[in-house]
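The values are calculated or read from the model by the stated rules, or taken from the named source; none is laboratory data. In this text, all values refer to a predicted model and were calculated from it rather than measured experimentally. Glycine gets a Cβ as well: all are built from the backbone with ideal geometry, and neighbour counts include every protein chain shown. Only protein heavy atoms, including side chains, enter the accessible area calculation; ligands, DNA and RNA are left aside. Shrake-Rupley method; radii C 1.70, N 1.55, O 1.52, S 1.80 Å.
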Amino acid sequence: MAKQRTFSIIKPDATIANNTGGINKLIEESGLRIIAQRRIHMTRVQAERFYAVHAERPFFGELVDFMISAPVIVQVLEGEDAISKYREVMGATNPAEAADGTIRKLYAKSVGENSVHGSDGVETAAEEIPQFFSESEIVG
Ligand code: CMP
C-alpha cells in the first residue's frame, strides 16, 4: 500500500476537554505523521460546506452548531494506508461501539460529540484537504 494522505478534525468536545495532545499521541503512535495542523474556529459557512453531504440528515443543524461551538484542530495525516489506518485509530462513529484503545473509546462522549473526524475514502480526502490547507502548508 502506497503512502496516502487523510484529513482529520479534532472536534470541539476534545479541544474543550484539553484532549488534543492525547489524541495526537495516539495518531503518532499508530505510525501516522501529522504533516499539517492548524487550530481554527470554524465558520458556519465552512461547516455547512464541509458537511454538505449530510445536509438532508435530521442531525445536520445540530452537527453544524456543534462544529462551530468552540475551536477545532484541522490536520492532514500521512502514512501507509492512512485513510483506513486513521479510521481504525478513531474507532466507531458511536463511541459506545468503539474498540478499546481507540480515540473515541478513550475520549468521545456521544455519536454527535465524537472527538474526531477522518476522511472516509480517497476522493473524500482529496475534496476535504483543500478546504482548509493549501499545498504549501502541507509539509510531508
Ligand atoms: P463525522 O465523521 O465527522 O461525519 C459526520 C458526523 O455526523 C459524524 O462524524 C457524527 O459526529 C455526526 N453524526 C452522525 N450521526 C449522528 C446523529 N445521529 N446525531 C448527531 N450527529 C451525528
Note on S30: of the conditions (1) more than 16 Å from the ligand (Cβ to nearest atom); (2) of a type in the set (G, A, S); (3) within 23 Å of P130 (Cα to Cα), unmet is (3)
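Taking region 97-129 on its own, how many of its residues are within 22 Å of A52 (Cα to Cα), of a type in the set (S, T, N, Q) and surrounded by 14 or more Cβ atoms within 10 Å (Cβ to Cβ)?
Going through region 97-129 one residue at a time, the tally reaches 4.
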If we take region 38-140, then helices (runs of 4 or more DSSP H) inside it with 3 or more residues that are away from the ligand (no atom under 15 Å from the Cβ) and modelled with pLDDT under 95 are none
For region 27-77, which positions are out of contact with any helix residue (DSSP H, G or I) (no Cβ under 7 Å at 6 or more places or on another chain) and free of Cβ contacts under 8 Å to residues at least 24 places away in the same chain? E28, E29, V45, A52, V53, A55, E56, R57, P58, G61, D65
Looking only at region 74-92, decide whether some residue is among the polar types (S, T, N, Q) and in contact with a Gly (Cβ under 8 Å, 6 or more places away or on another chain). no
Evaluate the following for R5: is it within 14 Å of the ligand (Cβ to nearest atom) and open to solvent by 60 Å² or more (accessible area, probe 1.4 Å)? no
Could you run through region 85-96 and say how many residues are of a type in the set (G, A, S) and surrounded by 20 or more Cβ atoms within 10 Å (Cβ to Cβ)? 1
Condition first: open to solvent by less than 40 Å² (accessible area, probe 1.4 Å), of a type in the set (A, V, I, L, M) and in contact with a Pro (Cβ under 8 Å, 6 or more places away or on another chain). Can you find one or more residues in region 75-84 that meet it? no
